[in-house]
Amino acid sequence: MDAAGAGEGPSSGGGAGDAVGSARPAGAPSRYESQKRRDWNTFLQYLRNHKPPLALARCSGAHVIEFLRYLDQFGKTKVHAPGCAFYGHPSPPGPCACPLRQAWGSLDALIGRLRAAYEESGGTPETNPFAARAVRIYLRDVRESQAKARGIPYEKKKRKRAPSSSAAPAGGESSSSTALSGGSSGSGAGDASGAPPLRGSSGS
Ligand SMILES: [Zn+2]
């Protein structure tokens, strides 16, 4: 029943943008709908297991990012660390010890589904943590770092690496991800204790 289809394919990056939101036939509960429901249940379960317990109403963008980081341990996409000899190689000639992560495309599609699910279950757009600016910034960072690590040429126009960070530029958000958790490429999820299976089976 679960064809690893539509928005899931981690490899072969390509389709940037939101391929999910547009094509949706009216009526039939699509694969998108069932996937969305499954993702939503996964997130609610994550909240239930959260320590300390976290109510949906108190969920912020930071928690969503935490959730995305947590999902990385189930990822199947090799993302090379900057120190790896294969860093930047689209198709490395051999194995390495770099961790597997969730591909950016998967996370992006996931957030889209959860954002919709949140509002369908009564949440307002104003409080939607999946639409938080911090989440968008996090996804953008993931996309850029994975593009570099995997040698996938996204358009990399914006390199926000201004040496002088005294005055925040027109962009607005000054310190986006730093407050949430120190490094982006650290060891990430440390405890893979009793992780629940995420996507039904070994799909995607
Ligand atoms: Zn590597």
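Nothing in this text is a laboratory measurement; each read-out follows from the coordinates by a stated rule. If you're wondering where the values come from, they're calculated on a predicted model, not measured in any experiment. Positions of Cβ are generated from backbone atoms using ideal geometry, with glycine treated the same way; all protein chains shown enter the neighbour counts.
Return E66, E33 ranked ascending by Cβ neighbour count within 10 Å, so the fewest neighbours appear first. Write down the numbers at each step before the final one.
Values: E66 18, E33 15.
Least crowded to most crowded, the residues run E33, E66.
For q = 0.12, 0.19, 0.20 Å⁻¹, what log10 I(q)/I(0) does the stretch 84-157 give under the Debye formula with an equal point scatterer on each alpha carbon and no solvent?
-0.45, -0.82, -0.87
Sort 83-89, 143-149, 37-43, 51-57 by packing, meaning the average of other beta carbons within 10 Å per residue, with the highest value first.
Numbers: 83-89: 14.3, 143-149: 18.9, 37-43: 16.9, 51-57: 9.6.
Put in order of decreasing packing, that is 143-149, 37-43, 83-89, 51-57.
For a quick check: sort C98, C59 by the number of other beta carbons within 10 angstrom, fewest at the front.
C98, C59
Apply the Karplus parameterisation 6.51 cos²θ - 1.76 cosθ + 1.60, with θ equal to phi minus 60°, to every residue of the stretch 28-35 and state each ³J(HN,Hα) to the nearest whole Hz, in sequence, with x for glycine and proline.
My calculation for the stretch 28-35 gives 3, x, 6, 5, 4, 5, 5, 5 Hz in order.
If you add up the charges near V142, with Lys and Arg at +1 and Asp and Glu at -1, over every other residue whose beta carbon is less than 13 angstrom from its beta carbon, what do you get? If you can, show how the numbers build up before the last one.
On the way: positive: R69, R101, R136, R140, R143, K148, R150; negative: D72, D108, D141, E144.
The answer is +3.
How do T124, T77 line up, fewest other C-beta atoms within 10 Å first? Working shown, then result.
Working: T124 8, T77 20.
Taking fewest neighbouring Cβ atoms as first place, the list is T124, T77.
What is the ratio of the Cα radius of gyration of the stretch 30-150 to 2.2 N^0.38 Å, where N is its residue count, to two decimals? If you can, show how the numbers build up before the last one.
On the way: Rg = 15.8 Å, N = 121, 2.2 N^0.38 = 13.6 Å.
Ratio of Cα Rg to 2.2 N^0.38 Å: 1.16.
Compute the signed sum of charges (Lys and Arg +1, Asp and Glu -1) over the other residues within less than 13 Å, Cβ to Cβ, of H89. Please report the intermediate quantities before stating the final value.
Numbers: positive: K78, K148, R150; negative: none.
Result for the neighbourhood of H89: +3.
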